[in-house]
């Protein structure tokens with residue numbers, strides 16, 4: 001896994017840009033999206049959690065990087081946006097047993113498969129009935145398409161994994177294809193990605 005503290009410390013500005021991920025924006029704009037709270041896993045310097053808070057959701061952002069989390073808090077304060085920020089490793093983080101969210105967002109968490117699976121299953125167990133699980137990440141099977149993202153296949157996303165890890169969820173969308181990313185210095189250009197959304201039944 002990359003040294004995220006080092007990456008955030010060396011960045012000239014927001015590592016993945018100052019605007020939210022397009023899939024997050026598109027999901028919140030859906031007519032059937034009714035969540036009033038959100039858990040943002042691997043929220044980095046906070047662009048997605050901050051956007052969701054601006055839409056009126058009560059947001060909890062979790063990230064492994066203390067520096068990224070500190071930057072997120074500073075940007076939240078500057079924007080006058082309230083977000084609960086937690087620095088924690090998703091390999092062992094555990095929220096309060098009774099805590100529930102109306103949605104969970106997993107946007108470009110690229111880590112070992114075991115940690116990713118735990119993060120998905122943890123989010124699922126803490127969603128309210130009808131709660132949304134939403135993910136976007138670089139696709140493991142990119143074929144002849146444009147290549148972007150980690151070189152280790154174990155860090156990439158597979159739709160079938162989400163199907164296995166979210167039994168009993170109602171599928172809303174499962175797509176793999178090419179999109180153009182414009183997210184800071186790290187995500188620029190055409191990329192093969194997986195987009196996945198499902199609701200807890």
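Read the figures in this text as sums done on the coordinates, not as results from a lab. This structure is a prediction, so every number in the text was calculated from the model and none was measured. Ideal geometry is used to build each Cβ from the backbone, glycine not excepted, and the neighbour counts take in all protein chains shown.
Some observations on this one:
- Sorted by Cβ density within 10 Å, fewest first, the residues 89, 158: 89, 158
- 222 nm mean residue ellipticity, helices alone, for the chain (DSSP H n ≥ 4; -39,500 (n - 2.57); rounded to 500): -8000 deg cm²/dmol
- Separation of alpha-carbon centers, segment 30-58 and segment 90-124, rounded to whole Å: 15
- Beta bridges per DSSP with both ends in the chain, % antiparallel, nearest 5: 50
- For the chain, the alpha-carbon radius of gyration amounts to 0.95 times the rule-of-thumb value 2.2 N^0.38 Å expected for a compact globular protein.
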